[in-house]
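Okay, structure first, notes after.
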Amino acid sequence: MKSPRFMFLSLLVLLHGASVAQLLDPHKLLEAEPTDTWPTYNGDYSGRRFSPLTQIQTSNVSGLALAWMYRARVPRPMRGITNPEIKSTPLMVKGVLYFTLPDHVFAVDARTGHELWHYEWFDQGGHLVGNRGVGMYGDWLYFMAPDGWCISLDAPTGKERWRKKVADEKMQYFTTMAPMVVGHHILIGVGGDAIDVPGYLEARDPETGELQWRWYTEPRKGDPGSETWPNQAAMEHGGGMTWLPGTYDKDLNLLYWGTGNPNPVMGSHGREGANLWTCAIVALNPDTGKLVWAFQGSPHDTHDWDNVETPVLFDATIDGKPRKLLAQAARNGYFFVLDRRNGNNILSKPFVPLNWSKGVDASGQPIPDQRKEPSVDGSYLTINWGGGTNWMPPSFSPRTGLFYVNATLGYSLVYLTDTSERPEGYGGFGQPLWSQHVLEAIDYRTGNVKWSHAYTTADGTQGGNSGPGILTTAANLLFTGDYNGNLIAFNATNGDILWHFPALHSLSNGPETYLLDGQQYLVAGAGDTLYVFCLVPRRP
Amino acid sequence: MHISTRSVLVTILVMAIANAPGQSQSHGSDENGSASRQKQEGERALRTREFLGLGRQPDVQLAGDGEKIYGPTCGFCHGTDARGAQGPDLLRSPVVLDDDHGELMGPVIQNGRPDKGMPAFSSLSEAQLRALAEFLHMQVELTANRGTYQVRNILTGNAKAGETYFKGEGKCYTCHSVTGDLAHIGSKLTPVDLQAVELYPEARSYDFGGRHPTRQVTVTLADGTKLSGSLKHLDDFYVSLEDDQGQYHSITITKGVKAVVDDKLAFHREMLAHYTDNQIHDLTAYLVTLK
């Protein structure tokens, strides 16, 4: 069984004199760019997905070879899903990878790819669109079932510790995110857009699962932000889902989170105004859930452009002054750079062509063009219907100073179908016309695209809103994938392709890297399979 | 939502039930008729509800019975579409959403909520309560299941202006003919599909993948040799094709290897950057007249 590994771990604990034997010391999460573990969805709290590891370099990356593969087989068909995709970024802690599919958690030996355990949940509803993975605290894992259950598992055994209901699937909430552990809090966001329900983010106790606080995306009557809604009823329609993990600055003790689109999604008559705090980046105190500041990337959104994309944190010097920055490539096509102490805007610039906005206001927030809201006869957008990007993780390399995003160029028509006095639900649809996926390297100082790579394809039209995530390393490498099943390594400075590997499915998660037994590994999830690479696979 | 729309949507659901999902779809040109379209929409509705995890599918007949009771009994307070008026919006009511077959809604309707000003409807029979509950489940379905949404009348444009655009600024005439390739296009396609393909002929319907016509490719190898045929695969690394003899070729793209795909849609893509909403709506209004 697993005894040799556990003996080794016990020995390690003894040697280090730790008082409690636990797999993941929560303090490890505070480490910037850890190399011997991948302890959280983004690898660390900054959301940069940048690794200081340099064993794999531009000069030797062409020698990357498969160490092992693991196919996540599910024992029965997944409701409404033909081909399950690993969208989770596995955690790698003490030689074990923990990752998920909707309704499933897997623990796999990181050295061999052997399955240690598999946990299956039988849902009573909820959307199986994806699952982003688990959160970890000590020996405990946290997993969101699609029907609103937060489940804590014992990491060594995969046995359930407890389950807590955090959202009602019959109200059409669904839950997909990787719970995020900050201090003594598990942070959990929710999804939903079939029925109009309010979004919220909550914190729970890692030991017991008890609720610590809940922050609602919509203000209450009289609260700041309520002036951006016509009335209480409109606010209660809600929206502003919190479905992707955020980032955290331990020095400022601020949690940064993106919120989704307001409801009704496309039928916006009845919710005139900016609709705060939907489609925004919000900074919250993780201990109280109190809002500290907000920047709204998509005021009065009518296009389903959730503003949940990772708020990436880094420090840099601007105009001779050191600044604490936050950058986001938003689904609405804008690249934003903010001062993360106060949310003040430094830069707002489209990274793809778009015509839905008339520019930005004094605070750097885009001004929507009412004529480009969904209409009965179709409004023409010079941007992809799914947006300029989506949830797939971007990356920032402090080495190159570039922000990398898998973007989509495109054109679309947006139609309104719900013309009733009281719209509810989605209320319309989008018609994609043509789109092209492009990897972009954006200079955060100017918002200019320093280099880009349009993925070559047979037909020039590529559908889909989901896509490959990005990892960068201190060795000037960028790992991602195209939409034709190729995993690709680029030179991060100039976009030259250095290596590729044809997988059975396109990259469906954010790739990750870590050191194990002195060997640097690269892990990529593509479809239902994990691919693990290193330079010289060590086989006895 | 007006009754007429609802009737259309109910039809879609009836079609959804009549046509089990997974049945093969024919792609013949004669399949653009309304029956085929309704069948596809029915399948779309079923697939969407399965994907969203919407639970039990409401019974169309029973909901229809319930509608007759709902109007005079409940509509005044809760709105004809149950989205609220004086009384609350029922689509987001936990009593409705947590209910399965009227077991939660029934007692509330029968006993009323005197504290909140809702009268008791004690004279309704069990069967009537059951039907009423089903009507409300159908209202939820028609909102939550976006696979049931119906395009409205999109024809707002000016056909005459569209014709002028077709023959002038739009440059459509340079490749297309209203008596040739576009003859009877207004009978073959619905306005919303027409509006998509007039802008980009390979635009897909909004949720299901379309077919891709074969394209011709010419690959020039490093030594100057040329291979031509129908394109099978192309990415940053490989190109493959089938030549006139049916022979398959797979070529690694290295320095000096060039793959040129015969691209008939380049002009369409160029035009995409220039359209205005009015031009699009006018053009659609014109093309639908080509019956």
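The values are calculated or read from the model by the stated rules, or taken from the named source; none is laboratory data. Predicted model only: the values in this text are computed from it and were never measured. So basically every Cβ, Gly included, is an ideal-geometry build from the backbone, and we count neighbours across all protein chains shown.
Side notes on the structure shown:
- Hits in the stretch B:156-192 - residues which are under 21 Å from the mean Cα position of the chain (by Cα) and either surrounded by fewer than 17 Cβ atoms within 10 Å (Cβ to Cβ) or more than 14 Å from every other protein chain (Cβ to nearest Cβ) (or both): B:THR156, B:ILE185, B:GLY186, B:SER187, B:LYS188, B:THR190
- Scanning the stretch B:203-231 for residues being within 8 Å of chain A (Cβ to nearest Cβ) and modelled with pLDDT of 90 or more gives a total of 1.
- Which numbered condition B:GLN216 fails, given (1) surrounded by fewer than 13 Cβ atoms within 10 Å (Cβ to Cβ); (2) touching a residue at least 40 places away in the same chain (Cβ under 8 Å); (3) among the polar types (S, T, N, Q): (1)
- Enumeration of residues in the stretch B:245-256 that are modelled with pLDDT of 95 or more and exposed (fewer than 14 other Cβ atoms within 10 Å of the Cβ): B:GLN245, B:GLY246, B:GLN247, B:TYR248, B:SER250, B:THR252
- Hey, A:SER348 over 30 Å from A:TRP451 (Cβ atoms), crowded, with 18+ Cβ neighbours inside 10 Å and among the hydroxyl-bearing types (Ser, Thr, Tyr) or not: no
- Restricting attention to the stretch B:58-108, the residues that are outside any loop (DSSP other than H, G, I, E, B), within 14 Å of another protein chain (Cβ to nearest Cβ) and in contact with a helix residue (DSSP H, G or I) (Cβ under 9 Å, 6 or more places away or on another chain) total 6.
Results for (1) within 14 Å of chain B (Cβ to nearest Cβ); (2) in contact with a helix residue (DSSP H, G or I) (Cβ under 8 Å, 6 or more places away or on another chain), shown as yes or no for each residue.
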{"position": "A:ALA155", "(1), (2)": "no, no"}
{"position": "A:LYS165", "(1), (2)": "yes, no"}
{"position": "A:MET171", "(1), (2)": "yes, yes"}
{"position": "A:ALA178", "(1), (2)": "no, no"}
{"position": "A:VAL182", "(1), (2)": "no, yes"}
{"position": "A:HIS185", "(1), (2)": "no, no"}
{"position": "A:ILE188", "(1), (2)": "no, no"}
{"position": "A:ALA194", "(1), (2)": "yes, yes"}
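- Scanning the stretch B:34-65 for residues that are surrounded by fewer than 21 Cβ atoms within 10 Å (Cβ to Cβ), closer than 22 Å to A:THR176 by Cα and among the small types (Gly, Ala, Ser) returns a single hit, B:GLY55.
- Residue satisfying condition, being modelled with pLDDT of 95 or more and within 9 Å of chain B (Cβ to nearest Cβ), within set A:TYR411, A:TYR444, A:TYR483: A:TYR411
- A single member of A:ASP496, A:ASP528 is surrounded by fewer than 24 Cβ atoms within 10 Å (Cβ to Cβ) and touching a Lys or Arg at 6+ places or on another chain (Cβ under 8 Å), and it is A:ASP528.
- The combined condition, being on the phi > 0 side of the Ramachandran plot, touching a residue at least 24 places away in the same chain (Cβ under 8 Å) and more than 17 Å from the chain's Cα centre (by Cα), is not fulfilled by A:GLY133.
- Yes/no for A:TYR142 being more than 30 Å from B:ARG92 (Cβ to Cβ) and either of a type in the set (Phe, Trp, Tyr) or part of a loop (DSSP other than H, G, I, E, B) (or both): no
- Residues of the stretch A:169-195 satisfying the condition of being at pLDDT 95 or above, part of a loop (DSSP other than H, G, I, E, B) and farther than 21 Å from A:GLY47 by Cα: A:TYR173
- Candidate set from the stretch B:130-155 (those that are over 21 Å from B:ARG49 (Cβ atoms) and free of Cβ contacts under 8 Å to residues at least 60 places away in the same chain); member that is nearest to the other protein chains (Cβ to nearest Cβ): B:ARG152
- Of the listed requirements (1) buried (at least 19 other Cβ atoms within 10 Å of the Cβ); (2) touching an Asp or Glu at 6+ places or on another chain (Cβ under 8 Å), A:PRO322 misses just one: (1).
A quick yes/no check of all residues on (1) crowded, with 22+ Cβ neighbours inside 10 Å; (2) within 14 Å of chain B (Cβ to nearest Cβ); (3) free of Cβ contacts under 8 Å to residues at least 12 places away in the same chain:
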| site | (1), (2), (3) |
| --- | --- |
| A:ASP369 | no, yes, no |
| A:GLY378 | yes, yes, no |
| A:THR382 | no, yes, no |
| A:SER395 | yes, no, no |
| A:GLY401 | no, no, no |
| A:VAL438 | no, yes, no |
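- Residues in the stretch A:263-290 that are in contact with a helix residue (DSSP H, G or I) (Cβ under 8 Å, 6 or more places away or on another chain) and among the polar types (S, T, N, Q): 2 in all.
- Among the residues listed as A:TRP243, A:TRP162, A:TRP229, the single one being over 22 Å from the mean Cα position of the chain (by Cα), buried (at least 21 other Cβ atoms within 10 Å of the Cβ) and of a type in the set (Phe, Trp, Tyr): A:TRP229
- Residue in the stretch A:507-524 that is surrounded by 20 or more Cβ atoms within 10 Å (Cβ to Cβ), in contact with a strand residue (DSSP E or B) (Cβ under 6 Å, 6 or more places away or on another chain), under 21 Å from A:GLY63 (Cβ atoms) and within 14 Å of chain B (Cβ to nearest Cβ) present: yes
- Qualifying positions in the stretch A:426-449 - of a type in the set (Gly, Ala, Ser), under 17 Å from A:VAL376 (Cβ atoms) and under 24 Å from the mean Cα position of the chain (by Cα): A:GLY430
- Just one of the listed residues (A:GLY320, A:GLY333) is out of contact with any helix residue (DSSP H, G or I) (no Cβ under 6 Å at 6 or more places or on another chain) and within 24 Å of A:VAL265 (Cα to Cα), namely A:GLY333.
- A:GLY47 being within 14 Å of chain B (Cβ to nearest Cβ), touching a Gly at 6+ places or on another chain (Cβ under 9 Å) and on the phi > 0 side of the Ramachandran plot: no
- So A:MET266, is it touching a residue at least 40 places away in the same chain (Cβ under 8 Å), outside any strand (DSSP E or B) and within 13 Å of A:ASP196 (Cβ to Cβ): yes
- Residue within the stretch A:299-314 that is of a type in the set (A, V, I, L, M) and assigned to a strand (DSSP E or B) present: yes
- Number of the condition not met by B:TYR200 [criteria: (1) at pLDDT below 95; (2) surrounded by fewer than 19 Cβ atoms within 10 Å (Cβ to Cβ); (3) of a type outside the set (A, V, I, L, M); (4) more than 16 Å from B:THR289 (Cβ to Cβ)]: (2)
- All conditions but one from (1) modelled with pLDDT under 95; (2) more than 22 Å from A:ASP154 (Cβ to Cβ); (3) under 19 Å from the mean Cα position of the chain (by Cα) apply to A:ASN83; the one that does not is (3).
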